[in-house]
Every structure is written in C-alpha cells, then in structure tokens.
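Accompanying notes for the structure given below.
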Amino acid sequence: MSGNDAVHNLQQRLAEGSVASITVKDEGGRSTASHEEISEASSQGTRWRNVLAGREGLAAGGSSDVTATTSVDGARRTGHGTGPASTQVSPTDPASTKNPHRRCRLPPLVFIMVFSGVVAALGLLALIAPTHGQNTYGSKIEVPAPASSLPWKVAHGRSFLVESSRKDPYNTTEDRKVAYSVFMPVSSEACGETVDNDYMPTLTAEASNLQFFDDKSAGIFDVLHFNSCSKNTDKYNANHFPLLIFEPAVGTSRFMYNQLARQLSANGAHVVTIDHPYDGSIVEFAGSNPIQSRRSVTLDPFQVNKPVNDTETKKAIDTRIADVNSVIKELEKTDTLPRLFPGFTFTEGNTKVPTQRLFMLGHGLGGSVATSMGFHDKRVEWTINLSGSTPVLTEDAYAYTIFFGREDYRSENDTAWQETMKHIAGPQVEWTYHKADQFDFSDLPLVSHLVNPDKKPKGLGTPYENMDPNDPTSTFRALSCFLEAYFRETLISGWFVDPKLPGESHNAIQKCLGWFGGAMKPHVMDSS
C-alpha cells in the first residue's frame with residue numbers, strides 16, 4: 001500500500017467512524033495535523049505516518065549491539081532532543097482474591113487505569129499502512145517506531161552471558177551461553193542521539209528467511225532496520241520502570257519480536273527478549289561463534305508444543321527457566337545497563353533493573369515458560385501466554401493468568417489447560433484470535449508486508465472479515481493493541497505516579513475490541 005493509499009484508507013476509516021478524530025493533537029492538546037494537512041503531506045511525498053506522529057518522526061531510542069566493550073553494529077547517530085525529564089514510582093502490590101474455579105472474564109475494574117485514547121489511537125495509526133521500498137538508509141527498510149506522542153522513546157542493547165557454574169544441557173562439554181536484548185524506555189525530551197540497528201544479525205536473518213520463506217536469500221529479514229535512542233541528556237533511573245520478560249517461540253529467534261518489544265517498552269517498561277541456544281535455529285554472539293540447533297530440540301515452532309510434561313518439552317522449559325533466571329541475575333548487577341548503554345548517564349545507585357516483581361509474556365513454548373513461571377515463581381505477578389500450552393497444575397496458583405488462543409487452539413482443545421484452570425486462584429482470562437495462525441503472535445505479519453507484500457510467509461492466518469484483507473499488518477496491530485492495553489490496565493497503574501499519559505480514557509481493551517472488528521474475542525468456557 002502506498003502513502004496515498006494509506007491516507008485514503010485512513011480517510012475512509014475516519015468517515016466510517018472507526019477512528020475517533022480527524023485532528024491529531026500533541027501531548028499538550030495542541031493540534032499538530034489536520035485532515036487537509038495529512039492529504040497535502042501525502043501529495044508532496046512526505047511520509048504520512050510522520051504527519052500522524054506530529055511531524056516529530058517515528059524513530060524511538062536504543063544503543064548499538066554491545067557485549068562488554070565490543071560493538072558489532074554499524075551505527076549512524078543523529079543528535080536531537082533537549083531538556084530533562086523525571087519520573088517517580090509508587091510500587092504497590094495488587095491483591096489477589098482466591099477463587100479456585102474462576103472462569104474466563106474480562107479483567108476486573110480494579111485493574112483498569114486511566115490512559116490516553118489519543119495516544120492509543122496514534123500508536124495504532126503509526127502502523128496502519130507502512131510504505132514499501134527503499135529509504136534514506138540505502139537499501140534498508142525502516143520498521144516504524146512507536147508513536148512519538150508516547151512519553152517514552154526506546155533504547156536498545158544486545159549482549160550475552162556465559163554461565164560458568166552451569167553446563168549446557170544440550171552440550172555438556174560447554175558452559176551455558178545465553179543471548180539477550182534489552183529495550184529501555186527513555187523520556188522523549190531526554191533522548192539526545194539516535195542510532196540505526198539491523199533488525200536481525202546476518203546469519204539469523206538468513207535462517208529466518210529460510211524458515212518462513214523457504215529461501216535464505218529471500219531478502220526479507222536482512223533488509224530491515226530500526227532506529228533507537230543511544231544517548232540521554234538527563235540521568236536515568238533504572239528502578240523507575242518494571243521488567244517485562246518476553247519469551248520467543250521454539251525454533252525461532254528473539255528478534256522476531258523486536259517490534260512488539262519496542263511497542264511495550266514505549267509504554268514504560270524494560271522489555272527483555274532471550275535466545276536459548278539449541279532450541280532456536282541459530283543464536284549469534286558478538287565476537288564469538290554462533291550456536292546452531294542441529295535439531296537438538298525437535299519441537300515444531302508452527303505447532304502448539306504439547307503435552308508440556310513430556311520429556312523433550314519439559315527439558316526445554318526447564319532449561320529456559322534457568323536461562324531466564326541467569327539473565328535476571330545479570331540485570332541485577334550494577335554494571336550491566338551502563339555496559340549495554342554506554343551513551344547513557346545513570347543516577348548514582350540506580351543502574352539495576354528492578355526484579356522483585358516480574359511480568360512475563362511468551363509465544364508458543366515461550367508462553368508455556370511464562371505461564372509456568374507465573375505458577376511457581378512468587379516474583380511473577382502477571383503472565384500472558386500467546387498460543388502456548390501449560391504445565392498441569394495440581395495445586396492453587398495466584399498469578400494473573402492471560403491466555404490468547406486461536407480458533408483451532410482454545411483451552412478446550414488442550415487437556416492441560418482444562419485441568420490447570422481449575423487451580424488458577426487468581427484472575428484469569430482467555431481470548432480467541434479469529435483466523436490467526438501461530439506466527440500472527442509475532443512481528444511476522446508486519447515486517448514481511450513491509451518488505452514485500454507479495455511474498456506470503458508460512459505461519460500466518462488471514463485478516464478477520466472486518467479488517468482490510470490486503471493488509472495483514474492489521475493482525476499485528478490488533479495483537480499489539482491488546483498487549484499494550486493489558487500492560488497499561490493491569491501493570492502500569494500500580495507502578496507509576498509520573499509522567500502520566502496525556503488525556504483520559506477508560507476501558508482500553510474495549511477500545512481494542514472496537515478498533516479491530518471482533519477479531520479478538522473473549523472466550524467463555526462452560527463452567528459445568
């Protein structure tokens with residue numbers, strides 16, 4: 001879809017009432033772009049999504065790929081942004097009410113938080129209709145950043161750790177090695193420089209091209225890049241933002257979730273994604289040899305990996321949980337964030353990510369890991385499982401448990417979920433994503449369409465009837481909307497005091513339901 005087509009599509013949606021306002025406003029409520037200005041900008045060749053973001057561009061913050069003192073990503077830096085910004089935190093522990101037979105329902109009102117409808121709309125509109133082809137980054141194609149109207153831009157760093165006290169369960173002659181990425185929220189006013197990042201390292205991009213397009217030279221993942229913040233103009237307080245761990249599906253890369261991680265981080269979270277050697281097709285390490293799977297784990301990423309308690313699946317989950325705990329310990333070190341983000345200055349004594357309270361999100365096998373940690377790790381208060389199975393519970397657990405299924409994979413299709421739901425004593429909810437396939441719960445529908453909408457990857461469903469059938473990015477935007485809404489309603493309300501999101505709006509999840517034509521629907525089980 002071209003820029004002009006995108007504007008026409010937006011104008012149609014405005015006329016139909018599916019977008020609430022024809023005028024874009026900034027954080028202070030000032031009009032920044034009118035209906036006519038959007039059309040005029042398109043006719044002049046200006047990228048329409050920059051206008052929708054208030055002419056400030058859509059780039060959000062991050063650093064180069066850094067391990068110790070070694071940088072492995074080439075970077076083009078741009079200086080911008082002035083003025084300090086501060087945040088305050090008031091952590092509160094949400095109470096949980098025991099109800100061992102509680103069934104699917106929408107989240108309780110006590111979790112609902114006031115947040116901006118304008119901001120939410122802008123965040124979605126920023127991804128409505130990406131342009132295709134080359135841009136000013138040579139042959140690279142930019143993945144749009146979260147809307148600039150959000151209070152935070154995003155910094156990005158990549159690293160790895162070697163755990164000398166633990167041997168690799170898939171290669172017992174070697175110490176366990178784990179790669180991870182950190183997405184860090186940065187006040188928009190405090191982002192002083194930006195840097196371009198490859199969406200994936202070269203070998204991972206080739207493996208992903210082969211996995212989803214049957215051709216390692218397909219030219220999809222290797223041409224993508226994104227912009228991130230690499231330097232701040234104010235001291236950064238790491239303990240002001242919660243930690244959200246995002247676990248990938250088996251047999252694929254953490255980089256397949258970069259954009260979802262950026263969207264969540266721009267709402268005010270440290271988001272960490274992790275690659276687990278031997279259950280991913282390939283894991284690359286800066287300055288070190290990559291580790292290839294060589295079918296050490298034979299689980300299929302395009303299918304739900306069940307039963308969770310069988311030998312191979314349980315070994316993969318247990319290994320991942322140990323890896324997650326290793327990364328958490330790494331983030332508790334005072335030198336980890338300064339090493340990952342060398343262009344940042346930190347408030348003295350505030351360089352550690354808060355890990356006393358954890359929030360978990362995962363896809364496929366990663367969803368099984370998230371759910372399992374929610375049941376068994378008292379630090380975990382909130383989990384989202386995207387189309388993954390669950391370990392069978394035999395006693396009550398209290399974490400807030402959210403499950404996103406598909407038409408052909410709901411809780412009634414999995415005896416593990418049926419049995420486990422009897423023992424979820426905290427809040428629980430289940431959603432059905434209509435017409436989705438397994439990798440609609442990733443960046444794939446967005447990034448594949450960005451590069452070449454004519455190439456159809458494996459693992460995607462079709463847009464729901466009321467969505468644009470020629471725009472599979474709508475499935476990505478629907479998922480992102482719901483994940484961000486859950487983050488704001490059930491997590492951020494108990495964490496932040498300031499800065500507040502501008503404006504007021506209630507029922508964020510209900511708004512997502514309205515925007516996406518019923519594609520995502522609450523699924524109510526028969527409690528008899």
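The values are calculated or read from the model by the stated rules, or taken from the named source; none is laboratory data. Remember, predicted model here, so these are calculated numbers, not experimental data. Here Cβ is always computed from backbone atoms with ideal geometry, including for glycine, and neighbour counts include all displayed protein chains. Side chains are part of the model used for accessible areas, which takes the heavy atoms of the whole protein and leaves out ligands, DNA and RNA. Shrake-Rupley method; radii C 1.70, N 1.55, O 1.52, S 1.80 Å.
Here is a yes/no grid of residues against (1) over 15 Å from K306 (Cα atoms); (2) open to solvent by less than 50 Å² (accessible area, probe 1.4 Å); (3) β-branched (V, I, T); (4) assigned to a loop (DSSP other than H, G, I, E, B):
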residue	(1), (2), (3), (4)
S372	no, yes, no, no
F375	yes, yes, no, no
S389	no, yes, no, yes
T462	yes, no, yes, yes
N466	yes, no, no, yes
Subject >> Single condition D198 does not satisfy, out of (1) in contact (Cβ under 8 Å) with a residue 40 or more places away in the chain; (2) farther than 21 Å from L446 by Cβ; (3) open to solvent by 10 Å² or more (accessible area, probe 1.4 Å); (4) of a type outside the set (F, W, Y) >> reply: (2)
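Quickly run through the range 169-195 and pick out the residues that are touching a residue at least 24 places away in the same chain (Cβ under 8 Å), among the charged types (D, E, K, R) and either surrounded by 24 or more Cβ atoms within 10 Å (Cβ to Cβ) or closer than 22 Å to S253 by Cα (or both). It would help to see each step written out before you state the result.
Keep residues of the range 169-195 that are touching a residue at least 24 places away in the same chain (Cβ under 8 Å), which gives 169-171, 176-195.
Checking which are among the charged types (D, E, K, R) leaves us with 176-177, 189, 193.
If the condition is that a residue be touching a residue at least 24 places away in the same chain (Cβ under 8 Å), among the charged types (D, E, K, R) and either surrounded by 24 or more Cβ atoms within 10 Å (Cβ to Cβ) or closer than 22 Å to S253 by Cα (or both), then R176, K177 are the ones that fit.
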**OP:** Would you be able to say whether some residue in the range 447-454 is of a type outside the set (G, A, S), closer than 19 Å to A207 by Cα and open to solvent by 20 Å² or more (accessible area, probe 1.4 Å)?
**Re:** yes
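Tell me yes or no: at least one residue of the range 276-284 is among the small types (G, A, S), without any contact (Cβ under 8 Å) to a residue 60 or more places away in the chain and open to solvent by 10 Å² or more (accessible area, probe 1.4 Å). Break it down into steps so the answer makes sense when it comes.
Kept after step one, since they are among the small types (G, A, S), are these residues of the range 276-284: 280-281.
From what is left, the residues that are without any contact (Cβ under 8 Å) to a residue 60 or more places away in the chain are 280.
From what is left, the residues that are open to solvent by 10 Å² or more (accessible area, probe 1.4 Å) are none.
No, the range 276-284 contains no residue that is among the small types (G, A, S), without any contact (Cβ under 8 Å) to a residue 60 or more places away in the chain and open to solvent by 10 Å² or more (accessible area, probe 1.4 Å).
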Original post:
Of all residues in the range 289-323 being of a type in the set (A, V, I, L, M, F, W, C) and in contact with a strand residue (DSSP E or B) (Cβ under 6 Å, 6 or more places away or on another chain), which is nearest to T204 (Cα to Cα)?
Top reply: I291
Subject >> Which numbered condition G268 misses (of (1) in contact (Cβ under 8 Å) with a residue 12 or more places away in the chain; (2) open to solvent by 30 Å² or more (accessible area, probe 1.4 Å); (3) not β-branched (V, I, T)) >> reply: (2)
Subject >> Single residue of Q259, Q292 found to be open to solvent by less than 10 Å² (accessible area, probe 1.4 Å) and among the polar types (S, T, N, Q) >> reply: Q259
Original post:
For P445, all conditions in the list (1) farther than 25 Å from L243 by Cβ; (2) not in a helix (DSSP H, G or I) hold save one; what is the number of the exception?
Top reply: (2)
Original post:
On the given criteria, is T204 buried (at least 23 other Cβ atoms within 10 Å of the Cβ) and part of a helix (DSSP H, G or I)?
Top reply: yes
**OP:** Can you confirm whether the range 292-307 contains a residue that is under 27 Å from D440 (Cβ atoms), outside any strand (DSSP E or B), out of contact with any helix residue (DSSP H, G or I) (no Cβ under 8 Å at 6 or more places or on another chain) and free of Cβ contacts under 8 Å to residues at least 12 places away in the same chain?
**Re:** yes
Subject >> Among residues of the range 316-329, those that are open to solvent by 30 Å² or more (accessible area, probe 1.4 Å) and in contact with a Ser or Thr (Cβ under 8 Å, 6 or more places away or on another chain), counted >> reply: 1
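Identify the residue in the range 219-240 that is of a type in the set (A, V, I, L, M, F, W, C) and open to solvent by less than 10 Å² (accessible area, probe 1.4 Å) and, among all such residues, is nearest to N452 (Cα to Cα). Don't jump to the end; show me each part of the working.
We begin by selecting, within the range 219-240, every residue of a type in the set (A, V, I, L, M, F, W, C); these are 220-221, 223-224, 226, 229, 238.
So of that shortlist, the ones also open to solvent by less than 10 Å² (accessible area, probe 1.4 Å) come out as 220-221, 224, 226, 229, 238.
Working: I220: 7, F221: 11, L224: 11, F226: 17, C229: 27, A238: 38 Å.
The selected residue is I220.
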Original post:
If we keep just the residues of the range 484-528 that are in a loop (DSSP other than H, G, I, E, B) and polar (S, T, N, Q), which is modelled with the highest pLDDT?
Top reply: N507
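Inspect all residues belonging to the range 207-221 and state whether any of them is part of a helix (DSSP H, G or I), free of Cβ contacts under 8 Å to residues at least 24 places away in the same chain and not small (G, A, S).
At the first step, the residues of the range 207-221 found to be part of a helix (DSSP H, G or I) are 207-213, 221.
Those still in the list that are free of Cβ contacts under 8 Å to residues at least 24 places away in the same chain too: 209-210.
After this cut, where a residue has to be not small (G, A, S) as well, the list is 209-210.
There is at least one residue in the range 207-221 that is part of a helix (DSSP H, G or I), free of Cβ contacts under 8 Å to residues at least 24 places away in the same chain and not small (G, A, S).
Considering each of T345, T351, T298, T334 in turn, give the residue that is open to solvent by less than 40 Å² (accessible area, probe 1.4 Å) and not small (G, A, S). Talk me through it step by step, then tell me what you get.
Working: T345 fails: open to solvent by less than 40 Å² (accessible area, probe 1.4 Å); T298 fails: open to solvent by less than 40 Å² (accessible area, probe 1.4 Å); T334 fails: open to solvent by less than 40 Å² (accessible area, probe 1.4 Å).
Answer to the selection: T351.
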Original post:
Taking the range 393-412 as the search range and keeping residues that are in contact (Cβ under 8 Å) with a residue 40 or more places away in the chain and touching a Pro at 6+ places or on another chain (Cβ under 8 Å), which one is nearest to G461 (Cα to Cα)?
Top reply: Y400
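Of A436, A397, A425, which residue is hydrophobic (A, V, I, L, M, F, W, C), open to solvent by 10 Å² or more (accessible area, probe 1.4 Å) and in contact with a strand residue (DSSP E or B) (Cβ under 9 Å, 6 or more places away or on another chain)? I'd like the intermediate steps shown before the answer.
Numbers: A397 fails: open to solvent by 10 Å² or more (accessible area, probe 1.4 Å); A425 fails: open to solvent by 10 Å² or more (accessible area, probe 1.4 Å).
Testing whether each residue is hydrophobic (A, V, I, L, M, F, W, C), open to solvent by 10 Å² or more (accessible area, probe 1.4 Å) and in contact with a strand residue (DSSP E or B) (Cβ under 9 Å, 6 or more places away or on another chain) leaves just A436.
Examine the range 468-483 for a residue that is free of Cβ contacts under 8 Å to residues at least 40 places away in the same chain and either outside any helix (DSSP H, G or I) or open to solvent by 40 Å² or more (accessible area, probe 1.4 Å) (or both), and state whether such a residue exists.
Here is the first cut: in the range 468-483, the residues free of Cβ contacts under 8 Å to residues at least 40 places away in the same chain are 469, 472.
Those left that are additionally either outside any helix (DSSP H, G or I) or open to solvent by 40 Å² or more (accessible area, probe 1.4 Å) (or both): 469, 472.
Checking the range 468-483: at least one residue is free of Cβ contacts under 8 Å to residues at least 40 places away in the same chain and either outside any helix (DSSP H, G or I) or open to solvent by 40 Å² or more (accessible area, probe 1.4 Å) (or both).
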